[in-house]
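Undergrad: If you scroll down you'll find the structure; I have some questions about it.
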Amino acid sequence: MGRNDALRAARLRRGWRSIEAAAGALTRHGQQLLDDRQFTVSARTWRRWEGERPGWPAEETAIVLHDALGRWPENLGFTTPSGWIRPEHHEEEQVNRRAFTSITAAALVTGPTAQQHVDPALVDYFQQQLEGHYRADMFLGPHDLIGTVSAQYQLIDKLVRSAKGETRRGLLRAGGAYSALVGWLYQDAGDMDGASFWRGVTQEIAARSRDPHLIGYSLVNQAQVRTDLGDGHAVVELCEAVLDDGDRLVPKVRIMAMQQQAHGASLTGERRSVDHLLDQAGRLLPSVDDDLPWGNACRRTPGYLEVQRATCYGRLGLSAEAGSLWTQVLAVVPESARRDRGVYMPGRQSLPPQRGSRTRRWISPAL
């Protein structure tokens, strides 16, 4: 009996290039799916699964494997025990419903809420908190922040229901930034269902705010999800929709749309478009001078556009060019940013940088 090549092939198709990455990604996926932070798959266990005697996973683990890889264990090279019956459909629905309820609970507060006075100073309070959350994301990662940030979004949503006039509009703008961050945290964790849901929340609240900059920002966030889904044409279309109104938008939003459109172009194999869009965005960088509390990665991230270019080159198969750019980027990243340096390192071998369980940028281009 040979090694379990079926599981190895499924792992590589999912983008999990090493056993350690696969074990970590499946652990995070299972914790989200089952709403159970105790769910764990070790690298040692995964190594056994890919060996000559893979054994058979527990039923809960079988459900997580199926959800993550799209196949049941008997189709992944495991040794099927006699009497094995796949979990009934209604049981899978219960797991998925529990996971979805966890994702949406903070956003969908039902029924009327008691009216209260809303001090305008709360708008500044929530905006000031954002920068701290962005910094914490660079050091902690998604799972430790999702609960905190989504709870603050829930409070903002509650206050919006009582606020009036400019205070209400300010809270809507802050709420859009918070929901966008929650969406990124789910995306960074590899949970695309959660990411898509919260990106939709961002788009709705942006439209309610009537703020053209926030509306453009919300479309760029939708394009990010499409990038991770590999839908290059949709990415380009969403970013073109933003840039159609480019004259009304601050340079920062236009830069975000251009760099995300470059990711879409890399997915469709258009290197010339990648370089043209990123060069255009580079010319706009010195003009970024707004005081919007969101979307500031372009001015606080060392080598921001070169990170995007290197990632695009990696997708295009331009190994030498991508590796050279990652080396340049690593030279300017502070040693204190250990998490980000760890995400960058695969790029030196021209592999796309890793975070969560999916290929992605080292930091969301839209944060």
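Undergrad: Determine the share of region 185-228's accessible area contributed by carbon and sulfur atoms, expressed in whole percent, with a 1.4 angstrom probe. Intermediate results must be reported in sequence, preceding the final value.
TA: Numbers: 550 of 1210 Å².
Accessible surface attributable to carbon and sulfur in region 185-228 totals 45 percent.
Undergrad: Here's a follow-up. Given a 1.4 Å probe and every protein chain left where it sits, what share in percent of the accessible area of region 230-340 is carbon and sulfur? Intermediate results must be reported in sequence, preceding the final value.
TA: Values: 2260 of 4850 Å².
Looking at region 230-340 in its full context, I get 47 percent from C and S.
Undergrad: Based on the mean of other beta carbon atoms within 10 Å per residue, what is the order of 11-17, 201-207, most packed first?
TA: Numbers: 11-17: 17.0, 201-207: 22.1.
So the order, starting with the most tightly packed, is 201-207, 11-17.
Undergrad: Work out from phi, with θ = phi - 60° and the Karplus expression 6.51 cos²θ - 1.76 cosθ + 1.60, the ³J(HN,Hα) of each residue of region 287-304, listed in order in whole Hz, and give x for Gly and Pro.
TA: 8, 6, 9, 7, 10, 5, x, 10, x, 9, 4, 5, 10, 10, 9, x, x, 3
Undergrad: Can you give me the long-range amide H partners of R14? Hydrogens built in the peptide plane at 1.01 Å from N, cutoff under 5 Å, separation of 5 or more residues or another chain.
TA: For R14, no residues qualify.
Undergrad: Between Q38, L7, P57, whose Cα lies farthest towards the positive end of the dipole of region 1-79 when Lys and Arg beta carbons carry +1 and Asp and Glu beta carbons carry -1, centred on the Cα centre?
TA: Value: L7.
Undergrad: State in Å² the accessible area per residue of region 265-314; use a 1.4 Å probe, count heavy atoms of protein chains only, and round to the nearest integer. Display every interim value, and only then the final one.
TA: Working: 2150 Å² over 50 residues.
The answer is 43 Å² per residue.
Undergrad: What is the spin-label model distance, in nm, from Q280 to R44 if the labels are put 7 Å beyond Cα along the C-beta direction?
TA: Here the answer is 5.4 nm between the modelled labels.
Undergrad: Another question about this same structure. Ranked highest first by the average count of other Cβ atoms within 10 Å around their residues, in what order do 213-225, 288-300, 152-164 fall?
TA: Details: 213-225: 26.1, 288-300: 16.6, 152-164: 18.5.
With the highest mean Cβ count within 10 Å placed first, the list reads 213-225, 152-164, 288-300.
Undergrad: Over region 136-284, calculate the relative contact order: mean separation of alpha carbon pairs under 8 Å at least 6 apart, over the residue count, as a percent. If you can, show how the numbers build up before the last one.
TA: Working: 189 pairs, mean separation 24.1, N = 149.
Result for region 136-284 is 16 percent.
Undergrad: Could you give each residue of region 57-67 its phi-based ³J(HN,Hα) in whole Hz, using Karplus coefficients 6.51, -1.76, 1.60 with θ = phi - 60°, and x for Gly or Pro?
TA: x, 4, 4, 4, 5, 4, 5, 5, 4, 5, 5
Undergrad: Of all the accessible heavy-atom surface of region 4-83, with the other protein chains kept in place and a 1.4 Å probe, what percent is carbon and sulfur?
TA: Values: 1680 of 3880 Å².
About 43 percent, which is the carbon plus sulfur part of the accessible surface.
The values are calculated or read from the model by the stated rules, or taken from the named source; none is laboratory data. Treat the numbers as computed from the prediction; the structure is a model and nothing was measured. Reconstructed Cβ throughout: ideal geometry from the backbone, glycine too, with neighbour counts over all protein chains shown. Note: areas computed on protein heavy atoms with side chains; ligands, DNA, RNA excluded. Shrake-Rupley method; radii C 1.70, N 1.55, O 1.52, S 1.80 Å.
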